1. Select from Leu83, Thr66, Asn11 the residue farthest towards the positive end of the dipole of the range 1-132; place +1 on Cβ of Lys and Arg, -1 on Cβ of Asp and Glu, and compute about the Cα centre.
2. Put +1 on the Cβ of every Lys and Arg and -1 on every Asp and Glu Cβ in the range 96-247; which of Gly183, Thr243, Val133 then has its Cα farthest towards the positive end of the dipole?
3. Between Leu33 and Lys144, what length in nm is gained on full extension when 0.36 nm per residue of separation is reduced by their alpha carbon distance?
4. Provide the per residue accessible area, probe 1.4 Å, for the range 115-201, rounded to a whole number of square angstrom.
5. Which entry in (i) 38; (ii) 31; (iii) 25 is this structure's computed percent of Cα pairs over 29 Å apart?
6. For a quick check, take a GNM of the chain with Cα springs below 10 Å and name the residue from Thr232, Thr153, Thr12 with the largest mean-square fluctuation.
7. How many angstrom lie between the C-alpha centres of the range 1-53 and the range 56-85?
8. Of all the accessible heavy-atom surface of the chain, with the other protein chains kept in place and a 1.4 Å probe, what percent is carbon and sulfur?
Amino acid sequence: MDTWFGNACGNTFLVLFPNSNEHQLVTRHLNNLRHKQQWTFDSALVLWPTKGANVAMQVIERDGTTSNMCGNGARVVGKILTLQGKASTIKTGQGVLRVSTTRQRLLSVCLGKIAQFGTRNNPGNRIFTTYEVCGEPHAVGIVKNVHQFPLSTWGRSIVPAANCTIVSPVAKGIIEARTYERGVNKITESCGTGACAAAFAMRENADSFGKMEVRMHNHVLKVHQTTFGKLTLEGPALVRQITKGDK
């Protein structure tokens, strides 16, 4: 089983690329990391052989749950496939994603259209709107300044129904966001689907070309909305191989 480490804007991943008959090996390995408290990354990405794409991606969280999608994780996987000289096509429960490299050497992935599921009052009597990005739900609250609100408290009250994301405007085409991720159960350095949900919630803040710079802690993600209403996520990704298994 090949293993890699990936980092996309501070969002960290252990990437496992097992053979099709190594399901039990993957389960034992991840359970062992939890038991020994060696789960030092945000999420595990398991890449299975599949038809219709280069790999199928499974997102397994620190608490043992699975997530429907991970935008930062998809870019990490795309980077690994590119280094291996393979087509960067990833099968998810929402369809096949294609990861490309921009002229600025950023990794770009189209996450499709966002679905909106209405608004409700949540912690602090704030109005949150739930958006679904490639199957991953985010309850998004617009605040004046993301640094001045108790995101961890709010996140714990919303998880596991959805991730909790707060967003505030900075300037035209620039917003700031934070996400409390379910499964990881803490505020992460960045979140790809959270950046997309935040950008969509603040779409009136986009520049004339539908582009948005999303600042998450010390990291910058870029979200582009196409004329067809689909969102594309761009950002850097770093990877290194840890072990190489027998094929």
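1. Leu83
2. Value computed over the given set: Thr243.
3. 36.0 nm
4. Here the per-residue accessible area is 38 Å².
5. Correct label is (iii).
6. Checking each option, the largest mean-square fluctuation is seen for Thr153.
7. Between the Cα centres of the range 1-53 and the range 56-85 lies a distance of 9 Å.
8. 49
The values are calculated or read from the model by the stated rules, or taken from the named source; none is laboratory data. Please read all numbers here as calculations on a predicted model, not as lab measurements. We place every Cβ from the backbone using ideal geometry, glycine too, and count neighbours over all the protein chains shown. All accessible areas refer to the heavy atoms of the entire protein, side chains included, with ligands and DNA or RNA removed. Shrake-Rupley method; radii C 1.70, N 1.55, O 1.52, S 1.80 Å.
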